[in-house]
Amino acid sequence: MKQPHPAQPATNSLSSPPVPDGRPVRTVGVPDGAVRVPAPGRAQGPGPEPPGGPAAADAAAPDEEPPHRPPSGRLAGVDLARYLAVAGMLIIHFGVPFLAPDRPISAIVFTYAWGRSTILFAFLAGLSLALVSGGSRPHRGRRARTTAARVAVRGASLLAIGWLLHAVITAGQSNLTVIITFYGLYFLLALPFLRLPARWAATAAAVALAAGPQLRFLLCRSNDTDGAMAAFTDAWNAWDPTHVFLGQGVLDLGVYGYYPALSYLGAVLAGLAVGRLDLGSPLVRLRLALGGALLAAVAYRVSWHAWYNYGLYDALGPREEVVGSIPTDDAGWLLTSMPHTSTSVELAGGVGVAMCALVGCLWAAERLPRLLAPFTAAGTMALTVYAMHTLAMAWQAWFPDHFVGLAGAIDENMSEVFFVASLIGAFLWRRMVGRGPLEAAVSTLAKAVAPGPRTGAHARPRERRSEGAGAGV
């Protein structure tokens with residue numbers, strides 16, 4: 001059985017977006033000099049009145065937005081970036097495919113995938129939420145309420161799927177922490193921010209990245225030192241059925257877990273802010289790439305200097321020795337950027353890398369669509385790929401190490417087998433069926449629970465809708 005490292009995975013945003021409710025309205029011009037002939041029973045005037053007359057128009061709900069044409073196609077670069085995060089997850093749990101573990105290139109790939117793939121997934125979750133909620137023009141009125149309801153259903157669905165996978169992993173005694181449940185909580189916590197424009201979403205992301213990890217550190221310290229948080233945690237967990245029966249309760253997802261929402265919400269909101277921009281603009285992409293590179297460089301250099309130039313190495317020891325939840329005995333650990341430490345430095349650096357990765361994937365997907373088609377196909381069904389990867393890890397944990405034959409060969413070469421099988425399977429499924437099975441199920445449930453209005457300006461558009469924006473939602 002080959003499981004190269006006990007580090008935990010990352011996953012993505014995982015089902016298809018809500019169908020836009022607005023019907024595009026085409027304006028037909030009148031040639032110069034033409035005479036407008038009123039319809040029988042209608043008086044001449046400057047133009048047709050809305051149903052109910054001017055008074056009805058004046059009395060319309062102020063929070064309703066005018067109809068506008070939805071995006072015309074799929075952002076394949078987002079799907080490609082999502083696959084990049086999927087690939088990072090597979091590398092962490094199965095190893096680098098087609099390369100020996102002791103080769104330097106394997107160590108480099110593993111190092112850069114570890115932790116950053118998780119943040120990339122969270123970032124893309126926020127970006128997908130932005131795109132399904134209007135992109136650069138956030139939904140208002142009934143459309144916003146429909147979108148929020150569907151996102152809430154998706155979040156609840158991801159929680160349920162994650163808890164089910166967590167039960168499978170627990171029974172198999174694998175070393176995987178299922179991120180899907182954390183992801184569902186991210187969706188629910190992002191609901192109040194869905195109407196924010198880019199500037200305010202970026203402000204919310206900056207506040208969350210700066211304050212969230214610090215707040216989590218204080219709560220964890222209080223718990224570790226038998227403070228007020230310890231008593232609250234014991235009382236809450238005693239009555240939280242998801243903690244009692246599944247071992248993954250609300251406080252585990254929000255504060256104490258491997259991907260705590262208090263820390264990762266900032267990455268989700270950063271993706272939401274980026275999704276409010278015009279991602280088709282070369283200037284916007286250039287600014288994102290430069291800004292992301294600068295953010296990553298500053299974050300990682302701050303951590304490095306704090307450790308090796310300002311005494312933290314002597315006080316706390318090598319930062320590389322602590323991966324995952326940091327000790328709460330010294331606040332200096334908040335400056336580490338090691339994987340899964342959930343500090344502001346780690347999250348900010350990961351968000352910067354995610355911005356650069358997104359720009360690169362958008363550029364590549366537009367120029368090499370056929371060559372990258374299998375990778376983008378796998379990115380559109382990340383939830384299904386993640387679930388299959390979880391079952392594969394549970395099977396590996398159960399599988400006896402000394403087994404031989406075909407099953408033993410698959411277990412020994414799971415990295416190569418799963419990479420190839422997931423690419424081919426996703427590509428063929430995408431061509432012959434469409435959405436991934438879990439993505440389709442979650443999307444269908446969301447539409448059934450929150451169907452949305454179907455009349456007037458909010459009728460379902462007849463032309464092909466853009467689905468790529470939220471394929472991972």
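A few comments on the model shown:
- Cβ pairs under 9 Å, 6+ apart, first in region 150-175 and farther than 18 Å from A382 by Cβ, second surrounded by 23 or more Cβ atoms within 10 Å (Cβ to Cβ) and basic (K, R): none
- Applying the set (1) more than 27 Å from G332 (Cα to Cα); (2) free of Cβ contacts under 8 Å to residues at least 12 places away in the same chain; (3) out of contact with any Asp or Glu (no Cβ under 6 Å at 6 or more places or on another chain); (4) not aromatic (F, W, Y) to V284 leaves exactly one unmet item: (3).
- Count - residues of region 259-288 that are part of a helix (DSSP H, G or I) and surrounded by fewer than 18 Cβ atoms within 10 Å (Cβ to Cβ): 5
- Among the residues making up region 401-438, none is at pLDDT 95 or above and among the acidic types (D, E).
- Residue-level check: of (1) assigned by TED's automatic domain parsing to the domain that holds F182; (2) assigned to a helix (DSSP H, G or I), V385 misses just (1).
- The lone exception for L294 - which of (1) farther than 30 Å from A421 by Cβ; (2) touching a helix residue (DSSP H, G or I) at 6+ places or on another chain (Cβ under 6 Å) it fails: (2)
- Residue tally, condition within 27 Å of W398 (Cα to Cα), of a type in the set (G, A, S) and assigned to a helix (DSSP H, G or I), over region 166-196: 3
- Boolean, F399 is touching an Asp or Glu at 6+ places or on another chain (Cβ under 9 Å), aromatic (F, W, Y) and surrounded by 15 or more Cβ atoms within 10 Å (Cβ to Cβ): yes
- One residue stands out among those in region 97-122 that are among the charged types (D, E, K, R) and in a loop (DSSP other than H, G, I, E, B): the one that is surrounded by the fewest Cβ atoms within 10 Å (Cβ to Cβ), which is D102.
The values are calculated or read from the model by the stated rules, or taken from the named source; none is laboratory data. None of these values were measured; they are calculated from a predicted model. Glycine also receives a Cβ, built like all others from the backbone with ideal geometry; neighbour counts cover every protein chain displayed.
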